[in-house]
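> After the structure tokens below, expect a handful of questions from me.
The values are calculated or read from the model by the stated rules, or taken from the named source; none is laboratory data. Everything numeric here is computed off the predicted structure, so don't read it as measured data. A quick note on method: Cβ atoms are made from the backbone with ideal geometry, for glycine too, and the neighbour counts reach across all protein chains shown. Remember, those area values only see protein heavy atoms, side chains included, never the ligands or the DNA or RNA. Shrake-Rupley method; radii C 1.70, N 1.55, O 1.52, S 1.80 Å.
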Amino acid sequence: MGKLFVIFLSFFHAISVHAGESDVLLKNLKARIHELPGKKGALIKSFTNHNQSYIYDQALAIIAFSKGKKKEDARRLLMGLKSLQNKDGSLYFSYYLDGISSYPAEGDRRIAGAISWVALASIHFQKEFDSTEFKAFNERILSYLKREIVSFEVEGDNARALRFSPSDLKESPFPETDVVALEHNLDAYAAFLHFGILNKTSEFKSEEEHLRRFVLKLWDSEHQHFWSGASIKSGRVSKSELYLDNQTWSLLALDETILKKISPVEALSLNCEVFRVNQEGISGFMDSRPSNRPSQHSFVWSEGSLGQILAMKKISRLQQKTLVCDKMAAEDFLKSIKKMTQKDGGVAYATASKNPDFTTASSVAGTAWLYFAEQEINPFEMN
């Protein structure tokens, strides 16, 4: 009885510590909010070193505020997105804090995955606050995504999936209109699924089913992991690179029944073998690497590492056993990633790297995902 009492106290203490730390994270996110001119809502500053608001970060903050019962903060951000929504229901990839975007002048950058996250965020708000204020806004987003789903053949089988973007970008090394990415289809699948469950509608049931089938087509039963996507024109699955999020977000987005069709423990083992990094006294995971050679860049990516932590926790619950990577469990990695907290209370996006896409600046993504990991919030689910 004494041992059980000690375990209970330790568990209670851990919850109390997490609660206090999480309050700090929400305060950090709130401090980043900037009001748009004309009382049209607000945008959140994605990084401390520039004045961009990426709609993916906006969505993460909305989910964090919604789960933290900070209705007005979540609502201000949704109002901002609503005021910026294009007539066809889409949104541009990012905006300056005054609501002006560098797009479409610099290219028609409407990325399907980021837009899908806004849909997910709207669903979280509706559920947490029992509010339909942004339901019509979300229906326009989902209708836009529905129109972006294309039919093609993938390795000889008919498929329907969401394309990367409606236009190719001149500065990009690949044709966006020819790519269907696993990650984006997971985001949209979760949005269609939970909108239907929450609103008791089958309006997007067909899209949900098509995207789920496509996601499972990218599971490689021989190698026991997911590939990143496919080409619409050729139908070939892309097998040149491996991505951390392909495994973790798949495991977070798919339910237990679907997960029984694959090997989630093996997918997480791949991440442990391929993306595990120790840098600057921090243990975590990097983002990607070529499938046939080592990565040129090695760094700890906070956002992706925290997704791995949540996936390890979820699969540990389903398997009823603790999963470890190099003798470290999810909580061990969580303690390590917390070392990336900056002076402002936010979390660095990454440790030092030569990769220009991964800054050491305090970030919305790292901060929000740390909040999710501490509170064991799966942003792909509505529980």
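> I need the phi-derived Karplus couplings for region 219-233: 6.51 cos²θ - 1.76 cosθ + 1.60, θ = phi - 60°, integer Hz, Gly and Pro marked x.
With coefficients 6.51, -1.76 and 1.60, one gets 7, 9, 5, 6, 8, 6, 7, 8, 8, 7, x, 8, 8, 5, 6 Hz.
> Which value, in Å² rounded to 10, gives the accessible area of THR351 with a 1.4 Å probe and all protein chains present?
So the heavy atoms of THR351 present about 0 Å² to solvent.
> I've got another one for you. Just check region 123-162 against the gyration tensor rule for me: Cα atoms, a ≥ b ≥ c as the square roots of the eigenvalues, rounded for a/c under 1.5, and otherwise prolate or oblate depending on whether a/b exceeds b/c.
In terms of gyration-tensor shape, prolate.
> Counting Lys and Arg as +1 and Asp and Glu as -1, what is the net charge of the other residues whose Cβ lies under 13 Å from the Cβ of GLN308? Before the final figure, lay out each step's value.
Numbers: positive: ARG276, LYS313, LYS314; negative: ASP245, GLU273, ASP287, GLU303, ASP326, GLU331, ASP332.
Neighbour charge sum, excluding GLN308 itself: -4.
> To continue, here is another question. Of LYS39/LYS87; LYS127/LYS260; LYS69/LYS335; LYS127/LYS327; LYS217/LYS314; LYS87/LYS260, which ones are farther than 30 Å apart at the Cα?
Among LYS39/LYS87; LYS127/LYS260; LYS69/LYS335; LYS127/LYS327; LYS217/LYS314; LYS87/LYS260, the Cα-Cα distance tops 30 Å for LYS127/LYS327; LYS87/LYS260.
> Largest first, how would PHE192, PHE358 line up by accessible area (1.4 Å probe)?
Ranked list, largest accessible area first: PHE358, PHE192.
> Restricting attention to region 19-72, which trypsin sites (Lys or Arg not before Pro) occupy a DSSP loop and are surrounded by at most 11 other Cβ atoms within 10 Å? Don't jump to the answer; show the numbers that get you there.
Working: sites: LYS27, LYS30, ARG32, LYS39, LYS40, LYS45, LYS67, LYS69, LYS70, LYS71; in loops: ARG32, LYS39, LYS40, LYS45, LYS69, LYS70.
Passing sites in region 19-72 are LYS39, LYS69.
> May I pose another question? Using a 1.4 Å probe on the protein heavy atoms, what percent of the accessible area of region 124-263 belongs to carbon and sulfur?
On the way: 2780 of 6170 Å².
On region 124-263, the fraction of accessible area on carbon and sulfur atoms equals 45 percent.
> Can you list residues from other chains, or at least 5 along the same chain, whose modelled amide H is less than 5 Å from the amide H of VAL154?
ALA159
> How high is the relative contact order of region 47-198, in percent, counting Cα pairs under 8 Å that sit 6 or more residues apart?
23 percent
> While we're on this one: For PRO356, what is the net charge nearby, where nearby means another residue's Cβ is under 14 Å from its Cβ and Lys, Arg count +1, Asp, Glu -1?
-2
> Further question on the same structure: Starting from region 344-383, pick out the GluC sites (Glu not before Pro) whose DSSP state is loop and whose Cβ has at most 15 other Cβ atoms within 10 Å.
For GluC sites (Glu not before Pro) across region 344-383 that sit outside H, G, I, E and B with at most 15 neighbouring Cβ atoms in 10 Å, the list reads GLU376, GLU381.
> Please state the relative contact order of the chain as a whole percent: Cα pairs under 8 Å, 6+ residues apart?
15 percent
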